[in-house]
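The next block holds one structure in the form of structure tokens; read it before the comments.
Read-outs: derived from the displayed coordinates by stated rules, not from any lab. Source: prediction; values computed, not measured. Backbone-built Cβ (ideal geometry, glycine too); neighbour counts: all protein chains shown.
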Amino acid sequence: MTVRHRRWHLWIWLALGPAIAIGLFISWKGMAP
Amino acid sequence: MSVQYSSVKWNRNKRIYDIVLASAIGTYLGLFFAVGKLAWTGSDEILLLRALGTCAFLLLHIVLCIGPLARLDPRFLPLLYNRRHLGVATFLVGLAHGALATGYYHGFGNVNPLLSLLGTNTNYGSVSAFPFETFGIIALLILFVMAATSHDFWQRNLSPSVWKSIHMAVYPAYGFLVLHVALGALHAEQSPIYLAVLILGFVVVGGLHLATAFKERIADTPAKSEQKIDTPDAETWVDACAVDDIPENRAKIVCLAGCERIAIFRYGGKISAVTNVCAHQRGPLGEGKIIEGCITCPWHGWEYRPHNGQSPPPFHERIATFRVRVVGGRVQVIPVPLPPGTLVEPAVIEEEQYVA
């Protein structure tokens, strides 16, 4: 991989990780009792 | 490797890979359906829907794990060789899931099923009633573009860089699918086990990528003996490694700040330096070896001659080369890439160093 694509990986995961974690949390909190 | 457009070049490995893949998918669907019939009382259509959905999601996890696994342990490289087949299979199974869901839930009314799918539920402000199908559609569209451009024909026409950028969209697709499952199936089932499995999958995929990033970062950190530079120029020789650091017919990968990784190969008493990036899919050439006089990429077997970075005829691929010399048992390079395919006279290892 080129330096550019390694940086892409980093930025994608920096955005994706928290987004998925927040999404899962919201989904869990929003589940009907 | 490119000469002209040609269909997929089937070989024994690809056939075995696809037979195993198709058998695994068939077995999974059959088992899911059989066990589901015993343990669950819902309709066959919903059971099949879930079998296809979970199968596609599992396949995507495997696709995402193969890359970092191959970087962490070369024994996983055979899985990487035909990863595209796995990606296309993921799309097809996902498409079957989407088509069945659309037909089953939206195909029996007067409204066009696709319009019904997109327009029936617009509760975007609600978590419990969120139209989770939207995330699934977006993910499926991304997977479609990836599957449609998975042939080398598209890679050559789009250029490897653009092609790779398009295929990086697999990560957003994964994110959309996690949300599709979290807001859809998890809300329908209410069991914490499903949430735990979803989180486990995310942790495995994320953890493997993190471990790989950590390993790569260590590899990019120059050793104390190596000279670190910030602005390479075309005249400055930079110490890269000791000749003895390089195994015969293998390479040492060095990262001299300010430029891409360089693969320094040792073969038959000579040293040559080329870019570590394969022209095909950006594979790590320095982790390959020299076979029959050619550097062979460990990912898909593309070949280059070490002294000029050119593929052997009839192929035309070229990679960047670097000027290299050996001084006192140390390899020095000028870390400025020469135009792809430039002939560079290999550095000759002195006899006593070569024997040692």
Set B:Lys14/B:Lys164; A:Lys29/B:Lys215; B:Lys164/B:Lys215; A:Lys29/B:Lys164; B:Lys215/B:Lys289, cut-off 30 Å on Cα-Cα distance; pairs above it are A:Lys29/B:Lys215; A:Lys29/B:Lys164
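Take peptides B:100-111, B:294-305, B:309-320 and line them up by average Cβ neighbours within 10 Å, highest first, as a rough protection proxy.
The densest-packed peptide leads the list: B:294-305, B:309-320, B:100-111.
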Partner shielding of A:16-26, as the mean number of partner chain Cβ atoms within 10 Å, equals 5
Checking rank on B:21-27, B:279-285, B:238-244, with mean other Cβ inside 10 Å and highest first, the result is B:279-285, B:238-244, B:21-27
Residue-ordered couplings for the stretch B:39-52, obtained by feeding phi - 60° into the Karplus form 6.51 cos²θ - 1.76 cosθ + 1.60 and rounding to whole Hz (Gly and Pro as x), are 9, 9, 10, x, 6, 5, 5, 5, 4, 5, 4, 6, 4, 5
Normalised per residue, the volume inside the convex hull of the alpha-carbon atoms of the stretch B:12-220 in Å³ amounts to 159
Note on chain B: the mean projected area of its alpha-carbon convex hull, in nm², is 22.3
Going fewest to most other Cβ atoms within 10 Å around each Cβ, A:Lys29, B:Lys289 line up as A:Lys29, B:Lys289
Rounded to two decimals, the Debye log10 I(q)/I(0) of the protein assembly as shown (Cα scatterers, no solvent) at q = 0.13, 0.15 Å⁻¹ is -1.08, -1.32
Given unit charges at Cβ for Lys, Arg (+) and Asp, Glu (-), the dipole magnitude of the protein assembly as shown about its Cα centre in debye, nearest 20, is 320
Residues B:Ile246, B:Ile271, B:Ile137, B:Ile291 in order from fewest to most other beta-carbon atoms within 10 Å are B:Ile291, B:Ile137, B:Ile246, B:Ile271
Relative contact order of chain B (C-alpha contacts under 8 Å, at least 6 apart) in percent is 13
So B:Glu345 and B:Ile166, fully extended at 0.36 nm per residue minus their Cα-Cα distance, gain in nm 60.7 nm
